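Here's the structure, in C-alpha cells; my notes come after.
Laboratory data are not the source of any read-out in this text; all were calculated from the coordinates shown. Values in this document were obtained by computation on a predicted structure and should not be read as measured data. Methodologically, a virtual Cβ is constructed for each residue, glycine included, from the backbone with ideal geometry; neighbour enumeration extends over all protein chains shown.
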Amino acid sequence: MPLPAARLNVFSESVIRAMTRLANRHQSINLAQGFPDDNPPPEILAALHRATDGPFHQYAVTWGAPRFRSALAAKINRFSGLAIDPDRHLVVTCGSTEAMMVAMMTACNPGDKVIVFSPFYENYAADAILSGAEPIFVPLLPPDFHYDSATLARAFEQRPKAIILCNPANPSGKVFTRPELLEIAALAAKYDTFVITDEVYEHIVYPPHQHISFATLPGMFERTITCNSLSKTYSITGWRLGYVQATESVIAQARKVHDFLTVGAAAPLQEAAVTGLEFPPEYYDQLLAEYTARRDIFLGYLAQTGLAYTQPQGAYYVLVDISPLGFASDREAAEWMTKEIGVTGVPGSSFFREPVNHLLRFHFAKTEATLHAAGQKLLKLKDYVAAAGTGGKLPGATRESLGQKPA
Ligand code: GLN
C-alpha cells in the first residue's frame, strides 16, 4: 500500500485539542483549549440572525467580503494608526490558523529557516513543516520569558527567511517590550527577514504592559505579515474568522495561497461579524476588565494551592509548575488532573522545544462561575503540595494505576 507523506510523521495531532476530547470524556472542566464558555455579545448574535435570513449563503469574495474588509480595515486603522487599504492589504482567512499557514507558505521556500521562540503555540512547528521550512528555536527564559540577545543574533546569522512573533505570547503570557521589538526589527532589517506575527490576543494585555503591533514600528510595515483573528476579541472561536495583513505585493501572493487552500471564510459569518468590528472603544475596555477579573480569580486559587505559576502580562494562559506532585511525565499529570481533580490543562511539553516536563498550561477564558468551580477543585492540590514537603504520598507515585494515556 502507498504510504502517506513522510513529513506527516514528524509531528502529531494537536495536544491542545486532544486534551479537549479527554476533558469531554471525563466531564472535567476544560481549561486546556483556550476558548470562552459564554456567548458572544448579543449584538453579534442578533446580527447573525439577520445574516442568516439575508442573501449571504453563497461564496463571498475569496479574499473577504467587501463590507467585512472595510469594517476590518477601519478597526485596524483606529487601533494601530496604519492606513490599511481593505482592497490591497488584507486577506480574510478561516481563523488565524489558516492565516499563519498562508503567511508561512507565502513567505517560505522549502528549506528556508524560520525563527520560532520557545515556548511557542504548537501550530507553528506544524506550519513550518507543512510549508517546508526548518525552525530555529530561540528560548524565552523564565520567569519573565525574555530572550537572550546574543542567542537571537546567532539565530539571525543563519539567515532565516522569517521569524514568527506571537505577541502577546501563548503560552507564556509574555508581552514584548518596545526595546525588544526594536531589536527584532533591526535584526530583521539587517538580514532581510519577514516578521510573521500572531496578534490574536492584542486586546488582552494587562497594564502597565502595552500591545505594540509590529507593523507599526518604523520601516516594519514592509516586512511584516500580520496574522490575527476575531476569535478571542469577540468570543467567536467557532466562527473561524481570521486575516492576514501585509503589503500589497505580499497580499497578492497570499491571496493565491488562501484561494487554493479554502476559497474563503464563511459568508454569513463575515456579514454578522461586521457588527463586532464596529463596536465602540468601550467594548474593548470592558473585554480587558473582564479578563483582568478572570485572571485575578484564577491566580487567586493557584496561589492557595502552593504551586508556582507564571504571571501573564497578556493573553489568558498560566503555566503551572507541577513538580511537587511527583509525576515523571506532564502527560500523566494532565491525565491524573482530569480524572482525579476534574480540571484539564495542556501538558507544557507540547509548547517547548527544550525538554520541559514539569508544567501544565491552564487558561482562564471562562465565566467567573466556571473559574470558581475549577478553583475549588484545584484547592484539593494543597494537600499534595503539603505532602511533598513532608515526604508524604504523592499522586505521581500512583500513576501506574491510571490506565490509558491521553488520546
Ligand atoms: N489558541 C487556543 C489555545 O492555544 C486554541 C487553539 C485551537 O485549538 N485553535 O488553546
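When the residues of region 204-252 are filtered to those that are within 13 Å of the ligand (Cβ to nearest atom) and among the basic types (Lys, Arg), the one that is nearest to Ser96 (Cα to Cα) is Arg240. Step by step: first the residues of region 119-137, then only those that are within 15 Å of the ligand (Cβ to nearest atom) and not in a helix (DSSP H, G or I), then the one that is surrounded by the fewest Cβ atoms within 10 Å (Cβ to Cβ). Which residue is that? The residue in question is Glu122. Once region 74-91 is narrowed to residues that are among the hydrophobic types (A, V, I, L, M, F, W, C) and touching a residue at least 60 places away in the same chain (Cβ under 8 Å), the residue that is farthest from Ala254 (Cα to Cα) is Phe79.
Evaluate the following for Val102: is it in contact with a Phe, Trp or Tyr (Cβ under 7 Å, 6 or more places away or on another chain) and either within 16 Å of the ligand (Cβ to nearest atom) or not in a helix (DSSP H, G or I) (or both)? Taking the combined requirement at face value, the residue does not satisfy it.
Ala71 - would you say it is away from the ligand (no atom under 16 Å from the Cβ), without any contact (Cβ under 8 Å) to a residue 40 or more places away in the chain and aliphatic (A, V, I, L, M)? So Ala71 fails the test.
Somewhere in region 270-288, is a residue in contact with a strand residue (DSSP E or B) (Cβ under 6 Å, 6 or more places away or on another chain) and either within 22 Å of Tyr201 (Cα to Cα) or within 16 Å of the ligand (Cβ to nearest atom) (or both)? Quick ask: steps written out before the conclusion?
Quick first cut of region 270-288, residues in contact with a strand residue (DSSP E or B) (Cβ under 6 Å, 6 or more places away or on another chain) only: 273.
Checking the rest, the ones that are also either within 22 Å of Tyr201 (Cα to Cα) or within 16 Å of the ligand (Cβ to nearest atom) (or both) come to 273.
So far as region 270-288 goes, yes, one or more of its residues are in contact with a strand residue (DSSP E or B) (Cβ under 6 Å, 6 or more places away or on another chain) and either within 22 Å of Tyr201 (Cα to Cα) or within 16 Å of the ligand (Cβ to nearest atom) (or both).
Scanning region 1-37 for residues that are part of a helix (DSSP H, G or I), away from the ligand (no atom under 16 Å from the Cβ) and surrounded by 11 or more Cβ atoms within 10 Å (Cβ to Cβ) returns Arg7, Leu8, Arg25.
Looking only at residues in region 306-328 that are outside any loop (DSSP other than H, G, I, E, B) and under 27 Å from Pro208 (Cα atoms), the one that is nearest to the ligand (Cβ to nearest atom) is Tyr317.
Listed here are the residues, each with its yes/no results for (1) more than 28 Å from Ala308 (Cβ to Cβ); (2) surrounded by fewer than 20 Cβ atoms within 10 Å (Cβ to Cβ).
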{"site": "Ile164", "(1), (2)": "no, no"}
{"site": "Asn170", "(1), (2)": "no, no"}
{"site": "Asp192", "(1), (2)": "yes, yes"}
{"site": "Glu199", "(1), (2)": "yes, no"}
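Filter region 173-206 for residues that are aliphatic (A, V, I, L, M) and more than 9 Å from Gly314 (Cα to Cα) and give the result.
Hits for region 173-206 are Leu181, Leu182, Ile184, Ala185, Ala186, Leu187, Ala188, Ala189, Val195, Ile196, Val200.
For region 80-97, the set of residues classified as of a type outside the set (Gly, Ala, Ser) and either in contact with a Ser or Thr (Cβ under 6 Å, 6 or more places away or on another chain) or in a loop (DSSP other than H, G, I, E, B) (or both) consists of Leu82, Ile84, Asp85, Pro86, Asp87, Arg88, His89, Cys94, listed by residue number.
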